[in-house]
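Below is one structure, written out as structure tokens, with a few remarks after it.
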Amino acid sequence: MASAYDRVDPLSRARALINAFTLEEKLNNTGSTSPGVPRLGLPAYTWWQEALHGVAQSPGVNFSDSGEFRYATSFPQPILMGAAFDDDLIKDVAIVISTEARAFSNADRAGLDFWTPNINPFKDSRWGRGQETPGEDPVHLASYVHALIEGLQGSPDDKYKRVIATCKHFVAYDIENWNGNFRYQVDAQVSQRDLVEYYMPPFESCARDSNVGAFMCSYNALNGVPTCADPWLLQTVLREHWNWTAEEQWVTSDCDAVQNVFLPHEYGKTREEAAALSLKAGTDINCGTYYQEHLPAAYDQGLINTTDLDTALIRQYSSLVRLGYFDGMAVPYRNLTWNDVSTPHAQQLAYKAAVEGITLLKNDGTLPLKIQNSTKIALIGDWANATDQLLGNYDGIPPYYHSPLYAAQQTGATVNFAGYPGGQGDPTTDNWLHIWEAAKKSDVIVYAGGIDNSVEAEGMDRVSIAWTGAQLDVIGQLATYGKPVIVLQMGGGQIDSSPLVNNPNISALIWGGYPGQDGGVALFDIIQGKAAPAGRLPTTQYPADYISQIPMTDMTLRPNATTGSPGRTYMWYTGKPIYEFGYGLHYTNFTASFANSSSFSSTYSISDLTSNCTESYKDRCSFKTFDIDVKNTGSVTSDYVTLGFLAGTHGPAPHPHKRLVAYQRLHNLTGGVTQTASLNLTLNSLARIDDMGNKVLYPGDYALLIDTQPLATVNFTLTGEPNILDEWPQPPAARSQPKDYFVGGYGSTYEDQVPVE
Ligand SMILES: O=[N+]([O-])c1ccc(O[C@@H]2O[C@@H](CO)[C@H](O)[C@H]2O)cc1
């Protein structure tokens, strides 16, 4: 444990630095590109680095064209790593990312803060950026992000942070462009209950429980107030309620989100006022140049003062002190070099992360497939020779792209390749003949398709969650040849695979997400049984017509007879999913039973549970650790993800079908062997959220279910009076500003919205 003396003193060092700035120098250093203060020897610093699944191309990261630092390890997209349900893996991945980031920084090729992770829950399959997130479940995201931040930043007690992570986009951001609703203009209408229950937990985990270094406010408004200009959100909730008060913790805006406070949100009568409102609300850095351009006039008009500037600047520069930016070789990470990038360990981990996430959805027994030198494989589809597609967005430059074609060729089999350039997965007219030809001369057919960044992307939500007709047509015909057909459903958002599920001539279906630099090898190792699949779907796979039943702008989760909403996520959806959240097949079978059931009680008293709790945040107190014996009853060695769901009638109706409360991935269970998973349930696991957003323990019936089709269940009851574990700070009653100083209303471009002079 570091003593107070050992720790750098970020506050006094940053304060001394900022005290030496002139007013102009302070105003100059408020954007994502800080010019520094040459007069003082303070160099320029770029705050904007990305590292979603590896050090990524972004304004502050500079890959070399040749020689050293021309690539970095590229892990799978978070949506696939989420499917691994393995927090230890996530921490290991994050350690590699922060190590490589430090090596880049030492070579003057990157800064030390990274604008990752994206942890807005992926609640609507159409969302173009859902691929950047670990999935739809808030408890899963909260747990995943805790592990990730530890790996990126190191322990909060460390003298120097490895790098700074940035939890984004705070909050309720999950639309790109749906029916003319642009991400820059959306005003998300969210009840306090839904906010605390669904949209906030990952951010609470970042701020309150993981000590993350930075936050990013989002483009959207929340209940009338743009998030970057919302003091309730950035001060009352983030800094006060979650005690995110270390001097070195700062908030950046999303890029040009402060400009969006003015237009299209129309919050603030002038550009200067919008900038001033944002700074005073607690947005310390503006991504872009809007602060640098408009804060000087805001200062002249008395809308901000030097204390406002100092607060933001001290936060920024304290964070650089905590990173050891000013401490030369005293910082241990300074020794990291190009030799620490893309090491054998990092490459192996990228492969492992892909294997762990890949999810088997259908298998008639064809898999695992015995591939021999004499085997002839037809490899078809626009993902068959995927390179860039493997990475998804926010990518860097990987050391290699191991496509499915590359991997198939490594097996020694004859590969009859009929791929074609990526797109929407539609085979073009020119491809038909060689598709049929490749298939006819092969023993087994592998089709690699689905979706990619041409239809799901930043700025682009999907307009369909069905497979394209052309792909279904190809696969349908391939299935008539009497040969095994294995379909790889690629991409981040789920697509309705029911035509493939229902076709008995389709042997197997595998979801592969965006599997990263070694994705093809991971897929083929699973196909041939060199690795066993144990990923679980991190999102619900809905039927294709789901999107006609609910607009993307509907932020509610519960089904609603008035609006016609069928409900969102596995917790509330009233229809029948094609594949449910948590679904995933194996090459073996498992049983599960509670190992410590003799320690269970059928009844627990709420007053006992709460009075024994000494944590400052009562929801953190442990309820009980449930040990689950998991036995591999088959013969194939396999991982197993132990998912614990809570169901039952406790708290306000309606009740969710069930909700994930804990999970643990067990590794390498050989046939006949039992391992024990430990699921630690806290009081937070038991709590429900009331209409005001309070976390409450309610009397009632509870059932802990192990796995989606439960392999084991335990029931218990809570008795006594409801108890508020965490009282939610209410937003001020009047949150909307008058908007009568604009004409033009919400247009599709900013230019047609004109302030009234
Ligand atoms: O102007 N640009 O080049 C530009 C690029 C990306 C961009 O998106 C935003 O920037 C990312 C910053 O981390 C946020 O996650 C995303 O919402 C916003 C603007």
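Restricting to region 227-252, what's the tally of residues that are outside any helix (DSSP H, G or I), surrounded by 20 or more Cβ atoms within 10 Å (Cβ to Cβ) and over 22 Å from the mean Cα position of the chain (by Cα)?
2
Here are Tyr219, Tyr290, Tyr199, Tyr267: which of them is of a type in the set (Ser, Thr, Tyr) and without any contact (Cβ under 8 Å) to a residue 60 or more places away in the chain?
Working: Tyr290 fails: without any contact (Cβ under 8 Å) to a residue 60 or more places away in the chain; Tyr199 fails: without any contact (Cβ under 8 Å) to a residue 60 or more places away in the chain; Tyr267 fails: without any contact (Cβ under 8 Å) to a residue 60 or more places away in the chain.
So the residue among Tyr219, Tyr290, Tyr199, Tyr267 that is of a type in the set (Ser, Thr, Tyr) and without any contact (Cβ under 8 Å) to a residue 60 or more places away in the chain is Tyr219.
Is it the case that region 141-154 has a residue that's acidic (Asp, Glu) and either outside any helix (DSSP H, G or I) or within 16 Å of the ligand (Cβ to nearest atom) (or both)?
Of region 141-154, the ones acidic (Asp, Glu) are 150.
Filter once more, keeping what is either outside any helix (DSSP H, G or I) or within 16 Å of the ligand (Cβ to nearest atom) (or both): none.
Scanning region 141-154, I find no residue that is acidic (Asp, Glu) and either outside any helix (DSSP H, G or I) or within 16 Å of the ligand (Cβ to nearest atom) (or both), so the answer is no.
(1) within 16 Å of the ligand (Cβ to nearest atom); (2) surrounded by fewer than 24 Cβ atoms within 10 Å (Cβ to Cβ): which one isn't true of Pro121, the others all being true?
Tallying (1) within 16 Å of the ligand (Cβ to nearest atom); (2) surrounded by fewer than 24 Cβ atoms within 10 Å (Cβ to Cβ), Pro121 fails exactly one: (2).
Look through region 167-193, keep the residues that are touching a strand residue (DSSP E or B) at 6+ places or on another chain (Cβ under 8 Å) and away from the ligand (no atom under 16 Å from the Cβ), and return whichever of them is farthest from Asn260 (Cα to Cα).
Selected residue: Arg193.
Report yes if Glu150 is in contact (Cβ under 8 Å) with a residue 60 or more places away in the chain and surrounded by fewer than 24 Cβ atoms within 10 Å (Cβ to Cβ), otherwise no. I'd like the intermediate steps shown before the answer.
Values: in contact (Cβ under 8 Å) with a residue 60 or more places away in the chain: yes; surrounded by fewer than 24 Cβ atoms within 10 Å (Cβ to Cβ): yes.
Criteria met by Glu150.
For region 213-229: of the residues being among the small types (Gly, Ala, Ser) and closer than 30 Å to Leu323 by Cα, which is farthest from the ligand (Cβ to nearest atom)? First the steps, then the outcome.
Initial filter on region 213-229 (among the small types (Gly, Ala, Ser)): 213-214, 218, 221, 224, 229.
Among the residues that remain, those that are also closer than 30 Å to Leu323 by Cα are: 213-214, 218, 229.
Numbers: Gly213: 14, Ala214: 11, Ser218: 8, Ala229: 17 Å.
The residue in question is Ala229.
Which condition breaks for Asn680 when tested against (1) touching a strand residue (DSSP E or B) at 6+ places or on another chain (Cβ under 8 Å); (2) crowded, with 19+ Cβ neighbours inside 10 Å?
Result: Asn680 passes all but (2).
Against the condition part of a helix (DSSP H, G or I), over 19 Å from the mean Cα position of the chain (by Cα) and modelled with pLDDT of 95 or more, how does Glu204 come out, does it pass?
Values: part of a helix (DSSP H, G or I): yes; over 19 Å from the mean Cα position of the chain (by Cα): no; modelled with pLDDT of 95 or more: yes.
No.
Being surrounded by fewer than 24 Cβ atoms within 10 Å (Cβ to Cβ) and touching a Lys or Arg at 6+ places or on another chain (Cβ under 9 Å): is that true of Leu309 here?
Working: surrounded by fewer than 24 Cβ atoms within 10 Å (Cβ to Cβ): yes; touching a Lys or Arg at 6+ places or on another chain (Cβ under 9 Å): yes.
It is true that Leu309 is surrounded by fewer than 24 Cβ atoms within 10 Å (Cβ to Cβ) and touching a Lys or Arg at 6+ places or on another chain (Cβ under 9 Å).
Residue-by-condition table, conditions (1) surrounded by 14 or more Cβ atoms within 10 Å (Cβ to Cβ); (2) in contact (Cβ under 8 Å) with a residue 60 or more places away in the chain:
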site	(1), (2)
Met555	yes, yes
Asn560	yes, no
Gly564	no, no
Gly584	yes, yes
Thr588	yes, yes
Phe600	yes, yes
Phe623	yes, yes
Ile628	yes, yes
Gly634	yes, no
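If you take the residues of region 635-670 that are of a type in the set (S, T, N, Q) and out of contact with any Phe, Trp or Tyr (no Cβ under 7 Å at 6 or more places or on another chain), which of them is nearest to Leu360 (Cα to Cα)? Break it down stepwise before answering.
First, the residues of region 635-670 that are of a type in the set (S, T, N, Q): 635, 637-638, 642, 649, 664, 668, 670.
Adding the requirement that they be out of contact with any Phe, Trp or Tyr (no Cβ under 7 Å at 6 or more places or on another chain) leaves 635, 637, 649, 664, 668, 670.
On the way: Ser635: 18, Thr637: 15, Thr649: 33, Gln664: 19, Asn668: 17, Thr670: 19 Å.
Going through the qualifying residues, I end up with Thr637.
The values are calculated or read from the model by the stated rules, or taken from the named source; none is laboratory data. Source: prediction; values computed, not measured. Positions of Cβ are generated from backbone atoms using ideal geometry, with glycine treated the same way; all protein chains shown enter the neighbour counts.
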